1. Yes or no: G121 surrounded by fewer than 18 Cβ atoms within 10 Å (Cβ to Cβ) and free of Cβ contacts under 8 Å to residues at least 12 places away in the same chain?
2. Quick check on region 144-159. Is at least one of its residues open to solvent by 60 Å² or more (accessible area, probe 1.4 Å), among the charged types (D, E, K, R) and either without any contact (Cβ under 8 Å) to a residue 24 or more places away in the chain or within 19 Å of T100 (Cα to Cα) (or both)?
3. What residue, among those in region 191-213 that are touching a Pro at 6+ places or on another chain (Cβ under 8 Å) and not β-branched (V, I, T), is surrounded by the fewest Cβ atoms within 10 Å (Cβ to Cβ)?
4. Please verify whether region 27-35 includes one or more residues that are part of a helix (DSSP H, G or I), open to solvent by less than 70 Å² (accessible area, probe 1.4 Å), farther than 30 Å from S206 by Cα and at pLDDT 65 or above.
5. Across region 205-235, what is the total count of residues that are in contact (Cβ under 8 Å) with a residue 40 or more places away in the chain and in a strand (DSSP E or B)?
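The values are calculated or read from the model by the stated rules, or taken from the named source; none is laboratory data. None of these values were measured; they are calculated from a predicted model. Positions of Cβ are backbone-derived with ideal geometry, glycine not excepted, and every protein chain shown enters the neighbour counts. Accessible surface areas use protein heavy atoms only, side chains included; no ligands, DNA or RNA. Shrake-Rupley method; radii C 1.70, N 1.55, O 1.52, S 1.80 Å.
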Amino acid sequence: MNRTLYRGAKKLQKAFSLKANKAETGIGTLIIFIAMVLVAAVAATVLIHTAGNLQQKATSTGSQTTQQVSSGLSVSSVWGLDNANPTESGNITWLAIYVTPNAGSTGINLNQTTVQIVYNGVSASLTYNATSNGFHSETAGTSNVFSSSYLTGANSTKFAVLDLKDPSSSMTTSYPVLTSGGVAVILVNVTAVFSGAGITQNSQVSGSISPQVGSPGVLQFDAPFAFTQQVIQLQ
C-alpha cells in the first residue's frame, strides 16, 4: 500500500516537473522570438530609411548627370576679320564665334561662360564683359557683326556677346541667357588678347567655350594659306 502511494507521488512529481520545464522552455522561446521580431523591425526600418536616401540621391545624381550630358554649347561657325592692307597680306584681328545651345539644353548664362583660346603657344582665358559695351542686340549678316559699334566690349581679358536670335527674350546685358533656338556671337579681340599679334596664314588655333553647366563648344581651325577677302570663315 505504502509503495503504491509512494510510486504514485513520484509519478505526479515527475509529471509536474516536466510541465514546469516545458513552460520555462516555452517562455524562453517566446522571449527569443519577440527579440528577433524587434531586431528585424529595427533592421527593416534602417534598411527602408537607407533605401529611401539612396533612391533620392540616385534620382538627384541622375538628374544632374542628364543635365550635364544634354546641356552645353555648340560652335556652329567661326569667322575672322582681316584688317590687313592689302587683305592678301593676312592678319585676322577679330574673331566672331557663333554659338547655339545643344538640343535639350537648359538655359546657358553666357555671363558665366569661359572662352579659352590657344594660339602660337599662348593660352588665353576670357570672361564676359558685363558692362553696356559687352552686349549688343539684333543684327543681321556676318559682316555686320564686325561693325565697330559691336566691338568695344571685347578686350585682352573679356569677350563681348552679340544677340542674333533670342526666341525667349532672355538675353540681357547683365544676364545674357541663351536658350533653345537662340543664336549668339562671341566677339574676341585677337590682337588685344595676344599682345598685338593677329592670326596669320596657316596658323593653328584651338580652344573651347565652357558654360557653367554642360559640355563645352570646341574651337579648332587652321587659317587659310591665302586670304582673299576681309571676312573669312575659319570653322
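1. Numbers: surrounded by fewer than 18 Cβ atoms within 10 Å (Cβ to Cβ): yes; free of Cβ contacts under 8 Å to residues at least 12 places away in the same chain: yes.
It is true that G121 is surrounded by fewer than 18 Cβ atoms within 10 Å (Cβ to Cβ) and free of Cβ contacts under 8 Å to residues at least 12 places away in the same chain.
2. Checking region 144-159: not a single residue is open to solvent by 60 Å² or more (accessible area, probe 1.4 Å), among the charged types (D, E, K, R) and either without any contact (Cβ under 8 Å) to a residue 24 or more places away in the chain or within 19 Å of T100 (Cα to Cα) (or both).
3. Kept after step one, since they are touching a Pro at 6+ places or on another chain (Cβ under 8 Å), are these residues of region 191-213: 201-202, 208-210.
Pick out the ones that are also not β-branched (V, I, T) and you get 201-202, 208, 210.
Numbers: Q201: 15, N202: 11, S208: 17, S210: 18.
Top of the filtered list is N202.
4. Step one: of region 27-35, the residues part of a helix (DSSP H, G or I) are 27-35.
Filter again for open to solvent by less than 70 Å² (accessible area, probe 1.4 Å), leaving 28, 35.
With the extra rule that they be farther than 30 Å from S206 by Cα, the set shrinks to 28, 35.
Applying the additional criterion that residues be at pLDDT 65 or above yields 28, 35.
Looking through region 27-35, at least one residue is part of a helix (DSSP H, G or I), open to solvent by less than 70 Å² (accessible area, probe 1.4 Å), farther than 30 Å from S206 by Cα and at pLDDT 65 or above.
5. 14
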